[in-house]
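In what follows, a structure is listed as structure tokens, so that the remarks can point back to it.
The values are calculated or read from the model by the stated rules, or taken from the named source; none is laboratory data. Treat the numbers as computed from the prediction; the structure is a model and nothing was measured. For neighbour counting, all protein chains shown are included, and Cβ atoms are generated from backbone atoms with ideal geometry for every residue, glycine included.
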Amino acid sequence: LFLDEPEALAKNVQYVQKIVLGLKRGGLAIGAAHGYPPLHTSWRVRGLIGLGLAAGWLLLLDAVTGLFSSGRPGPLVGALGAVVAVGLVALPLAPSLMGIKLAALASACLFPSLALLRKDALRPAPPGQSPLIVAMMRFAAACVITAIGIAFIVGLLADQPFLLKIDTFIGIKPAKLIPVLAVAVIYSLALRADGRRTWKQALVGAKDRILRLGTQPILLWQLAVAILAFAVLAVLVMRAGNDPGVGVSGVELKIRGLLDRLLPARPRFQEFLVGHPALILSFVLAARGQRTWAFPLFLVGAIGQVSLLNTFCHLHTPLPTSLWRAGIGIGIGIVVALTLYFPLDRLFLRRLPPAAASPDVP
């Protein structure tokens, strides 16, 4: 308000009238101010989400250890799985807000990991099926599994403190880092049971791989790849959260502004330009039996799934905006992947040799 004007009352009345006129032109109604109505998720819904978290955990445990199939991980793994499952059911029902926040963090770690660690992710396509179609189906399946985790997070945190940003989702950085590291370790060490080996055999094989790596000389290209991977992870972690440790470049700010003007919601670069195209291309290569070449792209593609879920961890952003952002990111990511695939396939990809069959390949 203008309090230092000679005609302060008339000036402020005119000022408020202009505001009211602008609101009416925008289709908004004028009325008495009031607080927000109570909004929270009922304990029944939170209980169902807890059961969903437990199911996701057990499915992930089965994908790695073969708990419900032929992995025979033993009673210790079974007991650990049961204890964690009970804890995940109980967390959303905890009387404190911290229990709900920890349950949301568990969902953010579990479901992107499950989307990427399911057993058919990097297997060759069935005979007679198009590798590209198989790859698109696997990408869609990964996004659907991640979306289940998104639904759980939105359901758990649909409360006034989170919607008004009085409180926030905890663990943005771990939620981005844990799935990527889990995928990298499990796939690189072949640390999973399948029809050809049990969980204990997979553990022994992973131990042997680590010992062999410890006795081999480090080549220059391996050191360069390790440094690059560490740098990518560092940037991924520092760019996460509400107060990122790495600033945004001027070029990126200009591109963001352009996308904001052209699209209903601006998608994330790490999704439509990096993660989603890399994941689709990795699925194509894996479906064609070129798993060795698919694996590096697969690790990069994991960034897209964790970023997709991370979009919905900022509850103060309206849900339709997040849905637009995620959907546009997936759509543009598919276009980028196809734009890269066809020329690369003609010039380079079809000449790559298939990965040698090995019992160590999960």
>> Looking only at residues that are assigned to a helix (DSSP H, G or I) and free of Cβ contacts under 8 Å to residues at least 60 places away in the same chain in the stretch 30-51, which one is surrounded by the most Cβ atoms within 10 Å (Cβ to Cβ)?
In response: G50
>> Here is a check on your reading of the model: is P161 of a type outside the set (K, R), part of a helix (DSSP H, G or I) and touching an Asp or Glu at 6+ places or on another chain (Cβ under 6 Å)?
In response: yes
> If G56 satisfies every condition in (1) buried (at least 17 other Cβ atoms within 10 Å of the Cβ); (2) small (G, A, S); (3) in a loop (DSSP other than H, G, I, E, B) but one, which is the exception?
Replying inline: (3)
> Has the stretch 90-97 got any residue that is touching a residue at least 12 places away in the same chain (Cβ under 8 Å) and crowded, with 22+ Cβ neighbours inside 10 Å?
Replying inline: yes
> Is there a residue in the stretch 73-96 that is under 29 Å from F295 (Cα atoms) and in contact with a strand residue (DSSP E or B) (Cβ under 8 Å, 6 or more places away or on another chain)?
Replying inline: no
> Given (1) aliphatic (A, V, I, L, M); (2) over 30 Å from S188 (Cβ atoms); (3) out of contact with any Leu (no Cβ under 6 Å at 6 or more places or on another chain), where does V134 come up short, assuming only one miss?
Replying inline: (2)
> Quick one: how many residues across the stretch 328-362 are over 30 Å from I150 (Cβ atoms) and either modelled with pLDDT under 80 or touching a helix residue (DSSP H, G or I) at 6+ places or on another chain (Cβ under 9 Å) (or both)?
Replying inline: 16
> Could you say whether any residue in the stretch 321-342 is of a type in the set (A, V, I, L, M), surrounded by fewer than 18 Cβ atoms within 10 Å (Cβ to Cβ) and farther than 30 Å from I172 by Cβ?
Replying inline: yes
> Residues in the stretch 279-293 that are surrounded by fewer than 24 Cβ atoms within 10 Å (Cβ to Cβ) and either of a type outside the set (D, E, K, R) or part of a helix (DSSP H, G or I) (or both): how many?
Replying inline: 5
> Can you name the residue in the stretch 155-173 that is at pLDDT 85 or above and of a type in the set (V, I, T) and is also nearest to P318 (Cα to Cα) among such residues?
Replying inline: T168
> Does R325 qualify as being out of contact with any Leu (no Cβ under 8 Å at 6 or more places or on another chain) and either among the aliphatic types (A, V, I, L, M) or modelled with pLDDT under 90 (or both)?
Replying inline: no
> Does R118 satisfy being at pLDDT below 90, charged (D, E, K, R) and in contact with a helix residue (DSSP H, G or I) (Cβ under 7 Å, 6 or more places away or on another chain)?
Replying inline: yes
>> Can you find, within the stretch 195-238, the residue that is surrounded by the fewest Cβ atoms within 10 Å (Cβ to Cβ) among those that are out of contact with any Ser or Thr (no Cβ under 8 Å at 6 or more places or on another chain) and outside any helix (DSSP H, G or I)?
In response: P217
> Counting only residues that are surrounded by 20 or more Cβ atoms within 10 Å (Cβ to Cβ) and either among the acidic types (D, E) or without any contact (Cβ under 8 Å) to a residue 40 or more places away in the chain (or both), how many does the stretch 68-89 have?
Replying inline: 2
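Residue by residue, here is whether (1) under 14 Å from V64 (Cβ atoms); (2) in contact (Cβ under 8 Å) with a residue 60 or more places away in the chain; (3) β-branched (V, I, T) holds:
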position	(1), (2), (3)
L163	no, yes, no
I170	no, yes, yes
K173	no, yes, no
K176	no, yes, no
P179	yes, yes, no
V185	yes, no, yes
L189	yes, no, no
K200	yes, yes, no
D208	no, no, no
